[in-house]
Amino acid sequence: MLPGLVVIHYTAMQGAQAALERLCDPAFEVSAHYLIAEDGTVTCMVPEHLRAWHAGAGHWAGQGDVNSRSIGIELDNDGRRPFAEPQMQNLEALLRGILRRWSIPPEGVIGHSDMAPGRKSDPGPHFDWPRLEAAGLAAPRGTGAPDQKPDLDTFRAAARAAGYTADVSDADLLAAVRLRYRPQATGPLSPQDYAPLHLAR
């Protein structure tokens, strides 16, 4: 099966070397195609045409078995701080190559939390999605709020159209959408939660 998605993760470990050892140890049954250290060093662990075990259970744009249809990129980060500039620069370069080689559209670049709401939170609230969007390396977001009042059914429909098709609770879905588009947002559903979804298709 040819890859049609790129899934971005953070390692949540103490440094790139520890992550590399974990990702290359068969005992842990986890792997990824690439690891990018804070200093920008890119390590390829699994060839792009082979399956890696990075995604786990999840769903995106109506499709499951994300491991079989995606390339996984791990970023050396604990999820509590911004991502280093050399790391982001080399992520952009790596993504350009992957998207070109496999004819993956920007909409195919997602976070682990996008495909597994409630189960995963990486790449987390400090990941710079607007930067990737501006570079044409992730789906563009909408900017206009819809006319209707906040309604969970309508929000679910908009999120589903944007790719969020995992069978999860309303709270987990809202949290996943906010992690991607409004990481500092709190409280109940609002029109601003719809806004980024309406053009993100």
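Key figures
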read-out	value
Local electrostatic count at TRP129 - Lys and Arg +1, Asp and Glu -1, tallied over other residues with Cβ under 12 Å	+2
Kirkwood estimate for segment 37-102, i.e. one over the average of 1/r between Cα atoms, Å	13.4
Solvent-accessible area of HIS54 with every protein chain in place, 1.4 Å probe, in Å² to the nearest 10	10
Between segment 88-155 and segment 5-33, the Cα center-to-center distance that results, in Å	21
Shape parameters for segment 80-145, alpha-carbon atoms, Rg then Dmax in Å	12.5, 36
DSSP-defined beta bridges in the chain - what % are antiparallel, rounded to 5	25
Compactness of segment 117-201 as Cα Rg over 2.2 N^0.38 Å, two decimals	1.02
Value of relative contact order over segment 1-97, rounded to a whole percent, pairs C-alpha under 8 Å and six or more apart	37
Full-extension gain in nm, CYS24 to THR154, via 0.36 nm per residue minus C-alpha separation	42.5 nm
Computed [θ] at 222 nm, deg cm²/dmol, the chain (DSSP H ≥ 4; -39,500 (n - 2.57); rounded to nearest 500)	-9000 deg cm²/dmol
Residue of PRO47, PRO117, PRO130 that the Gaussian network model of the chain assigns the largest fluctuation, springs spanning Cα pairs under 10 Å	PRO47
The chain: radius of gyration over Cα atoms, expressed as a fraction of 2.2 N^0.38 Å	0.99
Relative contact order [Cα under 8 Å, 6+ residues apart], segment 54-104, whole percent	19
Gained length - GLU107 relative to GLU48, 0.36 nm times residue gap less alpha-carbon distance	19.4 nm
Relative contact order, percent, the chain [alpha-carbon distance under 8 Å, six or more residues apart]	23
Potential extension, GLN184-HIS126 segment - 0.36 nm per residue separation minus Cα distance	19.9 nm
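The values are calculated or read from the model by the stated rules, or taken from the named source; none is laboratory data. All of these numbers come straight from a predicted model, not from anything done at the bench. Positions of Cβ are backbone-derived with ideal geometry, glycine not excepted, and every protein chain shown enters the neighbour counts. Just the protein is used for accessible areas: all its heavy atoms, side chains included, with ligands, DNA and RNA removed. Shrake-Rupley method; radii C 1.70, N 1.55, O 1.52, S 1.80 Å.
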